[in-house]
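Step one of this worksheet: look at the structure below.
The values are calculated or read from the model by the stated rules, or taken from the named source; none is laboratory data. Worth saying up front: this structure is predicted, and the values here are computed from it rather than measured. Glycine gets a Cβ as well: all are built from the backbone with ideal geometry, and neighbour counts include every protein chain shown. SASA here: full protein model, heavy atoms, side chains in, ligands and nucleic acids out. Shrake-Rupley method; radii C 1.70, N 1.55, O 1.52, S 1.80 Å.
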Amino acid sequence: MPELPEVETIARQLDKKLRGRTMRSVKLLQTGRETPRGSKFVKAIEGKKIESINRRAKLLIWHFSDGTAMLAHLKMTGRFVFVDKNYKPGKHDRAIFSFGVGRCLLVWSDVRKFGFVKIVKPPDLKRVLSRYGPEPLESQAQELADRIKSPKTRMVKAALLNQEVIAGVGNIYADEALHRAKLRPTRRLGTLSAYDRLRLAKEIKKVLSESLKQGGTSANDYVDASGEKGKFLDFLRVYGRKGEKCRDCGTAIKRITIGQRGTHYCPQCQH
Ligand SMILES: [Zn+2]
């Protein structure tokens, strides 16, 4: 699933190309994952001017000049990719957006169909965004460290995946940050020292910003808005590397399941 670096990469690309443009038309190819449904969705955004596009947690937020917004969550396999005017729709495409000038088209597609788009009014936008924890790249390490204190019996990996604790961290970067901090994903929050928490918070910030510089990680089928893969895959230390050698000590990386999520760690380096 795209996490902070991947969604941020897409948000920046969309913002660069679409800021100030008008949503000229929307062709809905498959209904069911948009709110409101069908022609109501199309009517709700056609003609709207795009003020900016940014990200909060793993959500893409399209801000329109009338104060409404379109939230988009990519979930497992959602994509927003620019295509040219001769584009022929594929079977997983859900909608094609076109904009005022430049004949530029944007395709929203989703193989697994867990993603969604939703039009919200200003009070709803505020409410949705307030549910998330702090943004790791915009927060001090100590502020993040203070978020991973309780409940004491919760496993640290599970805490990191909770978007109310810290926003934008998912399976890949939780595993990577824990390896860098030399902490086992199964550690209970109550067993972490203040130093452990601060170290982990610093590694979360570091791994996210390093990945963002590489345009994110294409571990599964993530591509950015130009259809390009992220280049951080080669830098991963544990995620998706079950049985391969730890880059620090040579021990085989283990894979376990925590909260139904595959979790990777080095049994030698992480305690
Ligand atoms: Zn190791």
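Answer yes or no as to whether GLN30 is part of a loop (DSSP other than H, G, I, E, B) and at pLDDT 95 or above. The answer is yes for GLN30.
Total residues in the range 228-271 satisfying the condition of being more than 15 Å from the ligand (Cβ to nearest atom), touching a Phe, Trp or Tyr at 6+ places or on another chain (Cβ under 8 Å) and assigned to a loop (DSSP other than H, G, I, E, B): the figure is 2. Residues of the range 59-88 that are in contact (Cβ under 8 Å) with a residue 40 or more places away in the chain and open to solvent by 70 Å² or more (accessible area, probe 1.4 Å): MET76, ARG79. Here SER130 clears all of (1) loosely packed, with under 15 Cβ neighbours inside 10 Å; (2) on the phi > 0 side of the Ramachandran plot except the condition numbered (2). Regarding the range 144-156, can at least one residue be identified that is under 26 Å from LEU233 (Cα atoms), surrounded by fewer than 19 Cβ atoms within 10 Å (Cβ to Cβ) and among the charged types (D, E, K, R)? No, the range 144-156 contains no residue that is under 26 Å from LEU233 (Cα atoms), surrounded by fewer than 19 Cβ atoms within 10 Å (Cβ to Cβ) and among the charged types (D, E, K, R). Residue count for the range 103-122, restricted to those that are without any contact (Cβ under 8 Å) to a residue 40 or more places away in the chain and open to solvent by less than 90 Å² (accessible area, probe 1.4 Å): 4.
From the residues in the range 204-255 that are within 24 Å of LYS75 (Cα to Cα), of a type in the set (Asp, Glu) and in contact (Cβ under 8 Å) with a residue 12 or more places away in the chain, which one is surrounded by the most Cβ atoms within 10 Å (Cβ to Cβ)? Step by step, filter the range 204-255, then rank; the result is ASP224.
Going through (1) open to solvent by less than 50 Å² (accessible area, probe 1.4 Å); (2) free of Cβ contacts under 8 Å to residues at least 60 places away in the same chain; (3) more than 22 Å from THR77 (Cα to Cα); (4) outside any loop (DSSP other than H, G, I, E, B) one by one, MET23 falls short only on (2).
Inside the range 1-20, can you point out the residues that are open to solvent by 50 Å² or more (accessible area, probe 1.4 Å) and in contact (Cβ under 8 Å) with a residue 40 or more places away in the chain? Scanning the range 1-20 gives MET1, LYS17.
Could we say that GLY47 is open to solvent by 50 Å² or more (accessible area, probe 1.4 Å) and either of a type outside the set (Lys, Arg) or within 25 Å of the chain's Cα centre (by Cα) (or both) here? For GLY47, the condition - open to solvent by 50 Å² or more (accessible area, probe 1.4 Å) and either of a type outside the set (Lys, Arg) or within 25 Å of the chain's Cα centre (by Cα) (or both) - is met.
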